[in-house]
Amino acid sequence: MRVHHAAIALAVLGAACTATPPSTSHPQAMPSPVQLTFTAEADSIRAAVHEYEALWAREGRRITQALETAAGLRFAAVGDTLIRVVVFEGASS
């Protein structure tokens, strides 16, 4: 079910990014305590994987903080800090 939870987290990604303006005080963002490993389901969408990796590297800490605030939980306290994400073309179920 981790893949499903990651899909939910990515669905919230857009809302989390627009909810708080990006930090411009730090030229290089601090990494998130949550590590996402993106894998393409097909070779044809490898470019999307690279985009998700770049987005997570840039905004992961902010996204993690927004999700933790919304859920009232900390990923580290739950133990879910390594999440595998399968990127595929199509609707998630």
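Taking the condition of being surrounded by 14 or more Cβ atoms within 10 Å (Cβ to Cβ), over 13 Å from Ser32 (Cβ atoms) and touching a residue at least 60 places away in the same chain (Cβ under 8 Å), how many residues in the range 43-84 meet it? Residues flagged as surrounded by 14 or more Cβ atoms within 10 Å (Cβ to Cβ), over 13 Å from Ser32 (Cβ atoms) and touching a residue at least 60 places away in the same chain (Cβ under 8 Å) within the range 43-84 amount to 0. Once the range 28-63 is narrowed to residues that are among the hydroxyl-bearing types (Ser, Thr, Tyr) and under 26 Å from Gly90 (Cβ atoms), the residue that is nearest to the chain's Cα centre (by Cα) is Tyr52. Just one of (1) in a helix (DSSP H, G or I); (2) modelled with pLDDT of 85 or more; (3) of a type outside the set (Phe, Trp, Tyr) fails for Cys17. It is (2). May I ask you to list the residues in the range 28-42 that are touching a residue at least 40 places away in the same chain (Cβ under 8 Å), among the polar types (S, T, N, Q) and touching a Lys or Arg at 6+ places or on another chain (Cβ under 9 Å)? Passing the criteria: Thr37, Thr39.
The values are calculated or read from the model by the stated rules, or taken from the named source; none is laboratory data. Values in this document were obtained by computation on a predicted structure and should not be read as measured data. Using ideal geometry, Cβ is built from the backbone for each residue, glycine included, and neighbour counts are taken over all protein chains shown.
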